[in-house]
Amino acid sequence: MAQYEAVIGIEAHVQIRTASKMFCSCPNRFGAEPNTLTCPVCMGMPGVLPTLNREAVRKAVTAGLMCGCEIARRSKFDRKNYFYPDLVKDYQITQYDQPICRNGKIHICGTGFSGEPLPDKYIGMTRIHMEEDPGKSFHFGNCSGLDYNRSGVPLLEIVSEPDMRSADEAYAYLTALKQIMQYADVSDCDMEKGQMRCDVNVSVRLRGSDAFGTKVEVKNLNSFRAAHRAVAYEIRRQIVLLESGGTVTQDTRGWNDDSGESYVMRTKENANDYRYFPEPDLLPVVFTEADIEEFRRNLPEVPEARRERFVRQYGLTPYDAQILTQDKAHADYFEKAAAKSQVPKLAANWFITDLLRLLSESGKTIGDCPVTPENLAALVNLVHGATINGKTAKTVFDEMFATGRDPAGIVKEKGLVQVTDESAVLTFVEQAIAANPAQVEQFRAGKEAVLQYLVGQTMRLSRGKANPQLVMKLLREQLTK
């Protein structure tokens with residue numbers, strides 16, 4: 001295996017979030033009853049004319065600029081002809097030789113899906129072009145159904161250079177691309193709703209060779225985990241085939257996630273098979289230099305810049321910043337909490353350690369999280385101000401997540417305010433010492449670890465409300481008299 005090198009490229013399809021479809025006024029919405037979001041245009045009726053969605057074009061340019069692409073001053077649409085039941089017109093309106101974006105790049109670094117370190121490198125991006133999504137086929141045993149609600153939904157096809165060399169690099173590239181599309185407000189990239197899908201092109205060659213091996217395309221991968229598994233499997237399959245004296249054929253393959261294997265779908269088509277020709281019903285898209293500069297001025301912050309700012313502005317570790325910025329909604333939530341928090345680093349700790357855990361256990365997303373950013377900040381401030389201690393805060397936080405209530409109200413109702421009065425805490429300390437003579441003797445004999453036991457006994461007597469630092473201080477004073 002070590003004498004071979006993988007060469008991987010990815011074609012990602014990202015649905016653009018707009019109010020209407022690419023070339024008609026039908027709603028761009030997921031989850032409606034089948035075939036209820038259609039019109040003569042997206043159903044390809046004779047005599048209809050497409051009208052370009054201006055917002056889709058704006059978001060395509062934004063996506064390109066966020067990926068460091070050159071924006072074409074003139075691009076055009078083409079017809080890609082093929083015959084599938086879910087393609088009502090028997091052609092797809094797309095872009096062929098004059099795409100809207102070219103020559104971008106995406107930075108990957110850190111660790112991959114398997115935990116192994118990644119090389120710090122840029123993955124080149126050949127092009128981004130606009131097109132329309134086809135409908136969707138459903139298969140029911142002995143028959144199939146077609147839903148054309150998706151037909152005509154605005155779509156970006158994002159084609160990488162063959163710069164990836166492992167399944168981990170492919171996973172990292174897809175993760176970074178998803179982040180950029182979310183931060184650019186181009187798409188939610190919800191893969192369960194089909195808003196992001198990808199095809200991977202995999203070949204292998206002997207290390208040191210400049211020639212490419214025979215490329216195999218694995219189609220319609222609908223999760224990053226599936227993409228990682230498919231790439232890893234295909235690399236192994238091709239190496240074993242070559243080592244056994246066989247040859248790799250240029251197939252288009254599907255992926256069976258249950259068996260963990262790819263399978264042949266068809267032999268690979270070439271561009272000529274699609275019989276591209278210019279779309280006669282749509283004018284070219286033309287930009288001036290001033291147009292491009294206006295787009296550039298309105299660009300949002302890219303994920304990598306936000307990570308660096310979180311480290312600089314909030315005193316976070318690079319690891320914490322990486323976790324917080326993986327999802328734009330998570331980063332937005334944290335920023336709102338940090339703005340109200342006296343200790344942003346503590347807010348980050350609560351988010352990463354406790355909030356993400358409870359969200360995962362409950363199956364909720366940050367969008368329907370019962371704990372508002374303001375309430376998380378309020379909890380952090382209660383702990384920082386010594387109104388409650390860390391252990392009590394855990395109890396309060398669980399209650400906040402279960403009910404959505406504010407922490408101050410919970411603390412007041414349950415009488416959880418931390419006891420910081422030294423004379424009151426001293427009473428609990430003296431009771432703990434009196435109740436545990438054996439442990440007291442062990443401490444005085446030099447067994448330092450026993451002190452933590454006595455702290456716990458004191459906290460139990462105070463029902464968790466005593467200030468732990470004060471308990472520790474008073475115990476030492478009393479035990480060393």
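Derivation of every value follows stated rules applied to the coordinates shown; laboratory data play no part. Here the structure is a predicted model, which means the values were calculated and not measured. No Cβ is skipped: glycine too gets one built from the backbone with ideal geometry, and neighbour counts run over all protein chains shown.
Taking 7 Å steps out from each Cα toward its Cβ at Leu356 and Thr372 produces label points 2.5 nm apart. Ordering of 114-121, 246-253 by packing is 246-253, 114-121, highest average first (other Cβ atoms within 10 Å, averaged per residue).
Rounded to the nearest 10 degrees, the inclination of helix 390-403 to the longest alpha-carbon principal axis of the chain is 50 degrees.
Taking the chain as a whole, the Cys residues whose C-beta sits 4.7 Å or farther from every other Cys C-beta are Cys24, Cys26, Cys39, Cys42, Cys67, Cys109, Cys143, Cys189, Cys198, Cys369. For the chain, the longest principal axis of the Cα atoms and the long axis of helix 167-183 meet at an angle of about 90 degrees. Pairs spanning more than 18 Å between alpha-carbon atoms, out of Lys394/Lys414; Lys328/Lys394; Lys340/Lys465: Lys328/Lys394; Lys340/Lys465. Compared with the direct C-alpha span, the chain from Tyr319 to Leu146 gains 57.8 nm at full extension, assuming 0.36 nm per residue.
The rule of thumb for compact globular proteins, 2.2 N^0.38 Å, goes into the C-alpha radius of gyration of segment 303-414 1.02 times.
In this rough spin-label picture, where each label sits 7 Å from Cα along the Cβ direction, the Ser223-Lys345 distance is 3.7 nm. I need the calculated FRET efficiency for the pair Asp86 and Glu261, taking r as the beta carbon distance and R₀ as 22 Å, to the nearest 0.05. Efficiency for this residue pair is about 0.30.
Taking the C-alpha atoms only, the angle from helix 450-461 to the longest principal axis of the chain is near 90 degrees. Treating each Cα of segment 4-291 as an identical point scatterer and summing with the Debye formula, the log10 of I(q)/I(0) at q = 0.09, 0.10, 0.11 Å⁻¹ comes to -0.44, -0.55, -0.67.
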